[in-house]
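Structure first, then comments.
The values are calculated or read from the model by the stated rules, or taken from the named source; none is laboratory data. Quick caveat: nothing in here was measured; it's all calculated off a predicted structure. Backbone-built Cβ (ideal geometry, glycine too); neighbour counts: all protein chains shown.
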Amino acid sequence: MLEARALAVVVAGGALGSSVRYLLSEQFPSIWTVAVINIVGSLLLGVLVAMVGPDRLSRLFLGVGVLGGFTTYSTFEVDVVQNPASAALYMTATLLPALLVARIGMAVGEYLHGRRRREPA
């Protein structure tokens, strides 16, 4: 059975993340805006994965909701299909950096999480 609190935090986070993406896309209407959004979202998700830990509702709100709504790989795919002349460049300039910064984000998150645990309360 679907847990109401889990659904509520995903919906709230998704509304927040997708609203920010929409505003950025309106302010900067370009396929490259979507690329930057997806790369930034990958970095933030990497940090989140390393820092949040087992708190399920926080992971659902921030990861699935906010960052899931913020990033948009479906729009990325549509942009690839609609821009065949630049598709290879666009795919490479989005996917490779996104994977790289996700790993960098995880390393930063691991560092910050370890540092936070070592500091006295």
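Before moving on, here are some points about what is shown:
- Scanning region 22-29 finds one or more residues that are touching a helix residue (DSSP H, G or I) at 6+ places or on another chain (Cβ under 7 Å), free of Cβ contacts under 8 Å to residues at least 60 places away in the same chain and surrounded by fewer than 18 Cβ atoms within 10 Å (Cβ to Cβ).
- Output for region 67-121, where each listed residue is part of a loop (DSSP other than H, G, I, E, B), touching a helix residue (DSSP H, G or I) at 6+ places or on another chain (Cβ under 7 Å) and of a type in the set (A, V, I, L, M): none
- Test result for LEU89, closer than 23 Å to LEU7 by Cα, aliphatic (A, V, I, L, M), out of contact with any Asp or Glu (no Cβ under 6 Å at 6 or more places or on another chain) and at pLDDT 90 or above: no
- Count of region 54-70 residues, restricted to those that are without any contact (Cβ under 8 Å) to a residue 12 or more places away in the chain and either over 9 Å from VAL9 (Cβ atoms) or of a type in the set (Lys, Arg) (or both), is 3.
- Check on GLY109, of a type outside the set (A, V, I, L, M, F, W, C), modelled with pLDDT of 95 or more and under 16 Å from the mean Cα position of the chain (by Cα): no
- Subset of region 55-74 [over 14 Å from the mean Cα position of the chain (by Cα) and not hydrophobic (A, V, I, L, M, F, W, C)]: ASP55, ARG56, SER58
- The residues of region 44-59 that are surrounded by fewer than 22 Cβ atoms within 10 Å (Cβ to Cβ) and either over 15 Å from HIS113 (Cβ atoms) or not aliphatic (A, V, I, L, M) (or both), listed by number, are GLY53, PRO54, ASP55, ARG56, LEU57, SER58, ARG59.
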